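Working notes, structure below.
Please treat every number below as a calculation from the coordinates, not as lab data. Here the structure is a predicted model, which is why all the values come from computation and not from measurement. Note that we place each Cβ from the backbone using ideal geometry, even for glycine, and neighbour counts take in every protein chain shown.
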């Protein structure tokens, strides 16, 4: 049974000079606020409310994903990442190695070498402008953070108790022959020097300044020797192309 809300109101009328007052009971059939809302929901389409909400979920999820993607973008510069790698290692880092280490962790996609070169160029300029004891140099086919040579006198005092080796004259002579004539065999080195060089070459191999590059295609297949990346690093050379010309050495 439908409940009818009854309101009592007073109605006053004037007729033939007489004032008549009577109570009028009115049936209130006006819908309540809840009934209006319910009717609106039930008449605006045939899909349930839950389905309407779920239909908008993909849009919301996409927006959230977009916000997360923005938050996950790198907050540091690439040159800072490269600087951290150079700072933590004592060996020169090649472009291929930097590219391999950085991978896709920095920006979500693989970096090309051009970006890394630009970062290295910016770092080099930064250290030059700061006028600090450090410098970024291209050495041994890679890049390395190192101190400037004017600070060597103090660094030698710090490193005097560490494993720092100096090369003898015979070692320097043998190493020079290998550097300029490589690859060559022990017999070829001894032919140029005029003395037995087996022990010297062995010591250079132990110090990793010289490496075996293969075997010569002659009778006996003797070993061929050449310089290593450690050789370039020891003498502060970017590549063998930076070796001084023999003509210049003869003049000096």
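In Å and from the alpha-carbon atoms only, list the Rg and Dmax of segment 78-148.
11.7, 36
Between residue 85 and residue 191, what FRET efficiency follows from the Cβ-Cβ distance if R0 is 35 Å, with the result rounded to 0.05?
0.20
Tell me, what is the FRET efficiency for residue 77 and residue 213 to the nearest 0.05, using R0 = 30 angstrom and their Cβ-Cβ distance as r?
Using R0 = 30 Å, I get an efficiency of 0.15.
Give me the distance in nm between label points sitting 7 Å out from Cα along the Cα-to-Cβ direction at residue 243 and residue 126, one decimal.
3.6
With r defined as the distance between the Cβ atoms of residue 221 and residue 112 and R0 fixed at 30 Å, what FRET efficiency is calculated, to the nearest 0.05?
Using R0 = 30 Å, I get an efficiency of 0.10.
Residue 94 to residue 149: extension gain in nm, 0.36 nm per residue of separation minus the Cα-Cα distance?
Extra length available between residue 94 and residue 149 comes to 17.5 nm.
What is the packing order of peptides 108-114, 200-206, taking the mean over residues of other C-beta atoms within 10 Å and listing the highest first?
Going by the mean number of other Cβ atoms within 10 Å, highest first, we get 200-206, 108-114.
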